[in-house]
Amino acid sequence: MTERIRVAPLADLPDGRGVRVEAAGHRIAVFRVGGDVYALDDRCSHAEASLAEGEVFEGSVECPRHGSEFDLTTGEPGSFPATTPVAVYATEVVDGDVYLILERAEVAS
C-alpha cells in the first residue's frame, strides 16, 4: 500500500539545505536542490546523527558528526566511516507542493 504525504510548499523548503519531517512513523530528511527534491532517512547509518543538519555538496549530504557522505538519489555512502546505505523515499512536486511517497507494509491477517 502506498501513502502520499504532503510535506510543504516547494517555495518554503530552503534551497541546498535539509529539513527534518516526521511522516507515518518515519524521521525523514528532505532536501531541495534547485527544483529537485530528495528524501532520505534522517539518521546516519554510522552514528545516527541527523542528516537534515548536514551540508549538501554536489548530489550528496555530509553527516554533521563524522563526515560520511550519502548520495541524495541512492542513499549509498560515498565515504567512511559509514558503510551502510540509508533508505531513500520517492518525492513528487504537484502544483507547487512537495509530497513524500511512502510504501506501507501490508499487515497479515
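The values are calculated or read from the model by the stated rules, or taken from the named source; none is laboratory data. Model, not experiment: these values are computed from the prediction. So basically every Cβ, Gly included, is an ideal-geometry build from the backbone, and we count neighbours across all protein chains shown.
Tabulated results
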| quantity | calculated |
| --- | --- |
| Residues of the range 33-44 satisfying the condition of being modelled with pLDDT under 95 and either surrounded by 21 or more Cβ atoms within 10 Å (Cβ to Cβ) or of a type in the set (Gly, Ala, Ser) (or both) | Gly34, Gly35, Cys44 |
| Failed item in (1) buried (at least 19 other Cβ atoms within 10 Å of the Cβ); (2) modelled with pLDDT of 95 or more, with Thr74 passing the rest | (1) |
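Rundown of residues vs (1) within 17 Å of Glu103 (Cα to Cα); (2) surrounded by 20 or more Cβ atoms within 10 Å (Cβ to Cβ), yes/no style:
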{"position": "Thr2", "(1), (2)": "yes, no"}
{"position": "Pro14", "(1), (2)": "no, no"}
{"position": "Ala29", "(1), (2)": "yes, yes"}
{"position": "His46", "(1), (2)": "no, no"}
{"position": "Leu51", "(1), (2)": "no, yes"}
{"position": "Pro64", "(1), (2)": "no, no"}
